[in-house]
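Undergrad: Below is the structure I would like to discuss, written out as C-alpha cells.
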Amino acid sequence: MTELWIIGAGGHAKVVAETAQAAGFSICGFLDDSEQMRGQQVLQWQVHGDSSAESMHRLGVRTAAIGIGDNATRKAIAERLDEVVDWATIVHPSSVLSPSCKLGAGSVVFAGAIVQADSILGRHVILNTQSHLDHDGRLGDYAHLCPGAALAGDVHVGEGSLLGTGCAALPGTRIGNWCKVGAGSSVARPLEDHCTAIGVPARQIRTHSPPHSA
Ligand SMILES: CC(C)(COP(=O)(O)OP(=O)(O)OC[C@H]1O[C@@H](n2cnc3c(N)ncnc32)[C@H](O)[C@@H]1OP(=O)(O)O)[C@@H](O)C(=O)NCCC(=O)NCCS
C-alpha cells in the first residue's frame, strides 16, 4: 500500500484524502502552511507540518497529492516540489476512465467522474465529483472540472482553467488557458485565454491577469 501525504488541509483536501483512501492509498496525514492548522486533527488524520521541502525531508515524505482546489496555487506548489516528491495520481473506484484516455501525474479523479475515449488530461488536473469529459477531450495542466460539469465530445480546455459546478460545453468548443466558466453556464463559442464567462450561452464578462503576473 503506497503511503500518501496530502498538501493542504481544507475542504478540498478532505475529499482528496478520502478519495485516495478509497483508491487504496495509506494516508499519513496533512501538510498545511497555515500556522493555525498545525497539530489540528482533520477527519481521522493530523496536520503534521507545512509544505516546505524541509518538512518533506523531516517527515520522510515520498509520495504526495495536492489537496488545494485553486489552480494557480496548485501549480505553484507542484512546481516548487517537483524534484522533492513523487506525485500520486488518484482515481476513485466509482469513476469510469476509458482505457484509451491518458491522465497526467498528480491528477485526482473524484467519485462518479467519467472520461471517455481518447481524451488526454494533463498534470494536476481535478475531475471533481460526477464531472464528465466525453471523447477526444483535452484538459490542460492544472485545469479543474467542478462537480457535475459536463463537457461534450472534442472539447479542449487550456492550462489552469476552472469550469464551474454544473456547467456544460458543446461539442468541439475551445476554452483557453486560465479561463473561469461560471457555475451553471453553457459554453457554446470559443473562449479566449484569461477570461471569465458566465450564462447560457456563456458570455465573457472580463479578462484577468495570468497567475504568474498577479
Ligand atoms: C464565474 C465566477 C468565477 C465569477 O466569480 P467572480 O469573478 O468573483 O465574479 P463575481 O462574484 O464578482 O460576479 C460577477 C457578476 O456575475 C454574476 N455571476 C457570478 N457567477 C455567476 C454564474 N455562475 N452564473 C450567472 N451569473 C453569475 C454575479 O451575480 C455578478 O453579477 P452582478 O455584477 O450583477 O452583481 C464564479 O461566480 C463562479 O461561478 N465560480 C464557480 C465556482 C464553483 O463552481 N466552484 C466549485 C468548487 S468545487
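The values are calculated or read from the model by the stated rules, or taken from the named source; none is laboratory data. Quick caveat, the model's predicted, so the values are computed rather than measured. When we count neighbours, we look across all protein chains shown, and the Cβ atoms used for this are built from the backbone with ideal geometry, even at glycine.
Undergrad: Out of all the residues in the range 166-182, is one or more within 9 Å of the ligand (Cβ to nearest atom) and either polar (S, T, N, Q) or touching a helix residue (DSSP H, G or I) at 6+ places or on another chain (Cβ under 6 Å) (or both)? Talk me through it step by step, then tell me what you get.
TA: First, pick out the residues of the range 166-182 that are within 9 Å of the ligand (Cβ to nearest atom): 166-167, 180-182.
Then drop every residue that is not either polar (S, T, N, Q) or touching a helix residue (DSSP H, G or I) at 6+ places or on another chain (Cβ under 6 Å) (or both), which leaves none.
Looking for residues that are within 9 Å of the ligand (Cβ to nearest atom) and either polar (S, T, N, Q) or touching a helix residue (DSSP H, G or I) at 6+ places or on another chain (Cβ under 6 Å) (or both), one finds none in the range 166-182, hence no.
Undergrad: Now for a separate question. Filter the range 1-44 for residues that are among the β-branched types (Val, Ile, Thr) and assigned to a strand (DSSP E or B); which is farthest from ARG58 (Cα to Cα)?
TA: Step by step, filter the range 1-44, then rank; the result is VAL42.
Undergrad: Let me ask another. What pairs come up if the first residue lies in the range 1-23 and is of a type in the set (S, T, N, Q), the second is at pLDDT 95 or above and not in a helix (DSSP H, G or I), and their beta carbons are under 6 Å apart, counting only those six or more places apart or on different chains?
TA: THR2/PHE25; THR2/THR63; THR19/ILE90; THR19/HIS92; THR19/PHE110; GLN21/ILE27
Undergrad: Check the range 143-157 and report whether any residue there is part of a strand (DSSP E or B), more than 11 Å from the ligand (Cβ to nearest atom), in contact with an Asp or Glu (Cβ under 7 Å, 6 or more places away or on another chain) and without any contact (Cβ under 8 Å) to a residue 40 or more places away in the chain.
TA: Within the range 143-157, one or more residues are part of a strand (DSSP E or B), more than 11 Å from the ligand (Cβ to nearest atom), in contact with an Asp or Glu (Cβ under 7 Å, 6 or more places away or on another chain) and without any contact (Cβ under 8 Å) to a residue 40 or more places away in the chain.
Residue-by-condition table, conditions (1) under 21 Å from the mean Cα position of the chain (by Cα); (2) surrounded by 20 or more Cβ atoms within 10 Å (Cβ to Cβ); (3) at pLDDT 95 or above; (4) among the polar types (S, T, N, Q):
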| position | (1), (2), (3), (4) |
| --- | --- |
| ILE7 | yes, yes, yes, no |
| GLY11 | yes, no, yes, no |
| PHE25 | yes, yes, yes, no |
| LEU31 | yes, yes, yes, no |
| GLN40 | no, no, yes, yes |
| SER51 | yes, yes, yes, yes |
| MET56 | no, yes, yes, no |
| ALA65 | yes, yes, yes, no |
